[in-house]
Amino acid sequence: MSFSDLSQMSFVISDKQKTFLKELDDTCRSIRQYEEECYLEEKLNEKIIPEFGKIGMPGCPILTSYGGLGYDILTYVLAIERIGEEGNSLRSFFSAHTSIGQMVLQGWADEAQKHEYLSKTCDGRSIMAFALTEPVAWSDPSSMVTKFEDRGNHFLLNGKKHWIGNGTCANVMTTYAKEDSSNGSSNRKVSAFIINGDSAGVRTEEMKDKLGLLTVKNAEIHFDNCIVPKKNLLGQKGQGLNIAYSALIDGRLSVAAGAIGVMRDCLEESVMYSRIREQHGSLLAKKQLIQEHIARIATNMESSRWLVYRAALTRQKLHDYVEKLKEDDDQWQSKLSRSNVEYSMLRNEADRLATIAKFHASNSAFDSANRAVQIFGSVAYRKTSRVARHFLDSRAIIIYEGANEVLELKMASQILGEDYRAY
């Protein structure tokens, strides 16, 4: 990155954006107690859409022409950061609904599809999910076994996805499948589809007994001869992995942003507790080892913020380029590929920075939550404790949206070159 790139970065937000973020803060505070109750009861928080819908959060980064608020990606990231203070469970709902849900449609769907689905997801009539992960494929979507057949006037899907966030309540989801080889096709490329949750052949089963993330509901999604209308093909046939990988940029950015909120809440809770808790004749806050924990949490948080905000601005450049391409070229979908040098450069940079941000922020959040639990001691060894819930939920974010071990290899290959790819 050159010095000119640095000079172009601005994290200044308008009064309108500040007002929205203040409204969001008020909503988060108003829902806090009920979210905590739902967590302990391990149930879906059904107040999320009604309460956050009042301020338009379900459509925060979606263009106004499709029913959203039209805010930029930095504003959305700041909103997700604030939601992250309430926990990764609440943040995961919005990640599934917006980051890897609506934003996939905004980026890749045709006009008819966007007008049919986005307005309903922005006003809360419809909840979204992203169905990519499979029991065997895990971190390697290219090895998925879910398949589709082209039946002339429709597609037929068969297979299973799992760990799908919002899977039990989603009205619409994007999913991904390989072309069936039984029809003589040797290509077997992955395609993407828009699926209505009530479609015949779609069966949902909640995944229970989770370690954390207890108010967001994950599901196994079974496709048993699921009929998908031709008009619900997302993007071009065979473009599915390209679409899925682009979605993961936004998913990782969301995880990273929420992780900042986790660290801020752990810091605030730890400072408050250490100032009132006495041990061995003095306050915890006066003990050097406790101060070391607090200093490390603060360092984790501040270092993550710079990475996340920079990644958000870079992702905005990619968004702006794609939207301009749509205005100028009717064949824009075919231009979203490696053969388009400008698009490829913008996407690679957005991917690179989102990967680094997610890797660093998620590791930092788990470390911070672990330190916060240590400061509280046995007081934090119950799920009634905020820092305990952060600890449980933050264990998940170093696994999903790309396991951090895979992301580490990905970052290294981006530096060394594809010839040195180890995954």
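So that you can scan it fast, the table gives a plain yes or no per residue for (1) surrounded by fewer than 20 Cβ atoms within 10 Å (Cβ to Cβ); (2) modelled with pLDDT of 95 or more; (3) farther than 24 Å from Gln106 by Cα:
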position	(1), (2), (3)
Leu156	yes, yes, yes
Ile164	no, yes, no
Thr175	no, yes, no
Ser186	yes, no, yes
Ser191	no, yes, no
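Of the conditions (1) part of a helix (DSSP H, G or I); (2) closer than 24 Å to Arg315 by Cα; (3) of a type in the set (S, T, N, Q), Ser30 clears all except one; give me its number.
Ser30 satisfies all of (1) part of a helix (DSSP H, G or I); (2) closer than 24 Å to Arg315 by Cα; (3) of a type in the set (S, T, N, Q) except (2).
Go through the residues of the stretch 38-58 one by one and say whether even a single one is touching a Lys or Arg at 6+ places or on another chain (Cβ under 8 Å), in a helix (DSSP H, G or I) and surrounded by fewer than 19 Cβ atoms within 10 Å (Cβ to Cβ).
Looking for residues that are touching a Lys or Arg at 6+ places or on another chain (Cβ under 8 Å), in a helix (DSSP H, G or I) and surrounded by fewer than 19 Cβ atoms within 10 Å (Cβ to Cβ), one finds at least one in the stretch 38-58, hence yes.
If a residue has to be touching a residue at least 40 places away in the same chain (Cβ under 8 Å) and in contact with a His (Cβ under 6 Å, 6 or more places away or on another chain) to count, how many in the stretch 201-227 make the cut?
Residues flagged as touching a residue at least 40 places away in the same chain (Cβ under 8 Å) and in contact with a His (Cβ under 6 Å, 6 or more places away or on another chain) within the stretch 201-227 amount to 2.
Of the residues Ala354, Ala380, Ala412, Ala388, which single one is open to solvent by less than 60 Å² (accessible area, probe 1.4 Å) and within 20 Å of the chain's Cα centre (by Cα)? Walk me through it before giving the result.
Details: Ala380 fails: within 20 Å of the chain's Cα centre (by Cα); Ala412 fails: within 20 Å of the chain's Cα centre (by Cα); Ala388 fails: within 20 Å of the chain's Cα centre (by Cα).
It is Ala354.
Just checking, how many residues over the stretch 114-148 are surrounded by fewer than 17 Cβ atoms within 10 Å (Cβ to Cβ), at pLDDT 95 or above and under 18 Å from Gln236 (Cβ atoms)?
So the answer is 0.
Which residue, of Ser126, Ser95, Ser143, is out of contact with any His (no Cβ under 9 Å at 6 or more places or on another chain) and under 19 Å from Asp393 (Cα atoms)? First the steps, then the outcome.
Working: Ser126 fails: under 19 Å from Asp393 (Cα atoms); Ser143 fails: under 19 Å from Asp393 (Cα atoms).
Being out of contact with any His (no Cβ under 9 Å at 6 or more places or on another chain) and under 19 Å from Asp393 (Cα atoms) holds for just one of Ser126, Ser95, Ser143, which is Ser95.
Give the residues of the stretch 312-322 that are under 17 Å from Ser344 (Cβ atoms) and touching a residue at least 24 places away in the same chain (Cβ under 8 Å), sorted by residue number. Break it down into steps so the answer makes sense when it comes.
Start the filter on the stretch 312-322 by keeping residues that are under 17 Å from Ser344 (Cβ atoms), which leaves 314-315, 317-322.
Of everything in the stretch 312-322, those that are under 17 Å from Ser344 (Cβ atoms) and touching a residue at least 24 places away in the same chain (Cβ under 8 Å) turn out to be Thr314, Arg315, Lys317, Leu318, His319, Tyr321, Val322.
Results for (1) touching a residue at least 24 places away in the same chain (Cβ under 8 Å); (2) not aliphatic (A, V, I, L, M), shown as yes or no for each residue.
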site: Gly235; (1), (2): yes, yes
site: Leu248; (1), (2): yes, no
site: Ser254; (1), (2): yes, yes
site: Glu278; (1), (2): no, yes
site: Arg310; (1), (2): yes, yes
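Can you run down the residue pairs with Cβ atoms below 7 Å, 6 or more apart or on separate chains, where the first is in the stretch 409-423 and basic (Lys, Arg) and the partner is part of a helix (DSSP H, G or I) and at pLDDT 90 or above?
Listed by first residue and then by second, the contacts come to Lys410/Thr355; Arg421/Ser413.
Return the total of residues in the stretch 9-27 being among the hydrophobic types (A, V, I, L, M, F, W, C) and outside any helix (DSSP H, G or I).
Total satisfying the criteria: 4.
If a residue has to be open to solvent by 10 Å² or more (accessible area, probe 1.4 Å) and over 18 Å from Phe130 (Cβ atoms) to count, how many in the stretch 82-105 make the cut?
Residues that pass the stated criteria total 3.
The values are calculated or read from the model by the stated rules, or taken from the named source; none is laboratory data. Bear in mind the structure is a predicted one, so any value in this text is a computation, not a measurement. When we count neighbours, we look across all protein chains shown, and the Cβ atoms used for this are built from the backbone with ideal geometry, even at glycine. Just so you know, the surface numbers come from the protein's heavy atoms only, side chains and all, with ligands and any DNA or RNA stripped out. Shrake-Rupley method; radii C 1.70, N 1.55, O 1.52, S 1.80 Å.
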